[in-house]
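Below is one structure, written out as structure tokens; the observations come after it.
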Amino acid sequence: MSRKRILGAAVAASLVGMLTLSACAGGPAAAPPTSSDAPGSALETANPAPPDGEVQASGTVMDIGGSIELCLGAVAESYPPQCSGIPISGWSWDGIEGSESSGDVAWGAYAITGTYDGETFTVTQPPLLLALHDPIAPEDPTGGEPGSTPESELIAIQDGLPAVFGDDGSVYLGSLPEKGRLWVDVVWDDGTLQAAADEDYGQGVVIIRSALHEIVAG
């Protein structure tokens with residue numbers, strides 16, 4: 001046998017041996033992560049119980065041809081403005097100051113008291129012009145302490161939130177990475193969403209803020 005054929009056979013045998021060893025060392029392939037392992041999976045299934053009593057909200061009431069919603073998040077600066085919110089029951093423009101209208105659209109910014117069943121806000125008291133409202137600042141759950149999560153990681157979490165919550169304004173309102181934490185505004189939370197966020201992303205990485213505040217009898 002020629003020297004070239006001997007070398008060729010040796011190389012082939014060596015490659016076969018390496019492939020065999022590689023296959024043995026690799027063992028069975030690891031199973032892909034399940035959906036429950038994905039970031040945000042606890043938030044996707046979390047469902048806060050509706051508040052028992054009255055709550056207060058500050059936002060824009062948007063009436064489009066008699067379909068009325070309370071927008072608690074961002075409002076597009078168009079004319080008329082545009083936003084998505086939660087349905088309002090028991091609203092009337094009679095005697096209400098501070099509203100504007102264009103065509104079949106009417107709107108105004110108010111502080112509103114009512115009840116919330118998880119889907120619809122029902123007005124129970126006359127609204128107050130938002131410009132005259134002096135709300136009590138909510139308690140900072142972090143005590144003013146900054147977080148330590150890199151902004152790139154917070155932005156990655158932020159980018160995934162519309163897929164977790166939806167983007168129709170019925171749950172998720174917006175978010176802001178600031179001082180090592182991601183501050184997330186939602187329509188309502190009784191602590192359920194915060195617990196889920198801690199489970200998904202780590203304690204205190206995401207801070208949930210509820211736009212509806214329970215009225216505590218004093």
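Just give me the residues in the stretch 114-128 being closer than 24 Å to Pro48 by Cβ and surrounded by fewer than 17 Cβ atoms within 10 Å (Cβ to Cβ), in sequence order.
Asp117, Gly118, Glu119, Thr120, Thr122, Thr124, Gln125 - these are the residues of the stretch 114-128 that are closer than 24 Å to Pro48 by Cβ and surrounded by fewer than 17 Cβ atoms within 10 Å (Cβ to Cβ).
Among (1) surrounded by 14 or more Cβ atoms within 10 Å (Cβ to Cβ); (2) among the polar types (S, T, N, Q); (3) modelled with pLDDT under 50, where does Thr20 come up short?
Thr20 satisfies all of (1) surrounded by 14 or more Cβ atoms within 10 Å (Cβ to Cβ); (2) among the polar types (S, T, N, Q); (3) modelled with pLDDT under 50 except (1).
Looking only at residues in the stretch 46-58 that are assigned to a strand (DSSP E or B) and under 12 Å from Gly114 (Cβ atoms), which one is most open to solvent (accessible area, probe 1.4 Å)?
Taking the candidates together, the pick is Gln56.
Taking the stated definitions as given, is Ser84 open to solvent by 30 Å² or more (accessible area, probe 1.4 Å), under 23 Å from Asp168 (Cβ atoms) and at pLDDT 95 or above?
Considered against the rule, which asks whether it is open to solvent by 30 Å² or more (accessible area, probe 1.4 Å), under 23 Å from Asp168 (Cβ atoms) and at pLDDT 95 or above, Ser84 comes out as no.
Please pick out the residue among Ile136, Ile157, Ile208 that is more than 27 Å from Pro87 (Cβ to Cβ) and among the β-branched types (Val, Ile, Thr).
From the options Ile136, Ile157, Ile208, the qualifying one is Ile157.
May I ask you to verify whether Ser148 is more than 13 Å from the chain's Cα centre (by Cα), free of Cβ contacts under 8 Å to residues at least 12 places away in the same chain and loosely packed, with under 13 Cβ neighbours inside 10 Å?
Spelling it out, it is not the case that Ser148 is more than 13 Å from the chain's Cα centre (by Cα), free of Cβ contacts under 8 Å to residues at least 12 places away in the same chain and loosely packed, with under 13 Cβ neighbours inside 10 Å.
Given the options Ala109, Ala131, Ala76, name the one that is in contact with a strand residue (DSSP E or B) (Cβ under 6 Å, 6 or more places away or on another chain) and exposed (fewer than 14 other Cβ atoms within 10 Å of the Cβ).
Of Ala109, Ala131, Ala76, the one residue that is in contact with a strand residue (DSSP E or B) (Cβ under 6 Å, 6 or more places away or on another chain) and exposed (fewer than 14 other Cβ atoms within 10 Å of the Cβ) is Ala76.
Only residues that are open to solvent by less than 40 Å² (accessible area, probe 1.4 Å) and in contact (Cβ under 8 Å) with a residue 24 or more places away in the chain: list them for the stretch 59-73, please.
Gly59, Thr60, Val61, Met62, Asp63, Leu70, Cys71, Leu72, Gly73
With free of Cβ contacts under 8 Å to residues at least 40 places away in the same chain, closer than 22 Å to Val61 by Cα and under 14 Å from the mean Cα position of the chain (by Cα) as the only criterion, which of Val187, Val171, Val123 stands out?
Val171
For the stretch 140-163, indicate whether the set of residues that are within 17 Å of Thr60 (Cα to Cα) and among the aliphatic types (A, V, I, L, M) is non-empty. It would help to see each step written out before you state the result.
Filtering the stretch 140-163 for residues within 17 Å of Thr60 (Cα to Cα) gives none.
No, the conditions are met nowhere in the stretch 140-163.
If I go through the stretch 151-163 residue by residue, how many of them are surrounded by 12 or more Cβ atoms within 10 Å (Cβ to Cβ), touching a residue at least 24 places away in the same chain (Cβ under 8 Å) and of a type in the set (A, V, I, L, M)?
3
Counting only residues that are surrounded by 15 or more Cβ atoms within 10 Å (Cβ to Cβ), aliphatic (A, V, I, L, M) and in a strand (DSSP E or B), how many does the stretch 164-218 have?
The qualifying residues number 7.
The values are calculated or read from the model by the stated rules, or taken from the named source; none is laboratory data. Predicted model only: the values in this text are computed from it and were never measured. Virtual Cβ from ideal backbone geometry, glycine too; neighbours counted across all protein chains shown. For the accessible areas, the whole protein counts, side chains as well, though only heavy atoms, and no ligand, DNA or RNA atoms are used. Shrake-Rupley method; radii C 1.70, N 1.55, O 1.52, S 1.80 Å.
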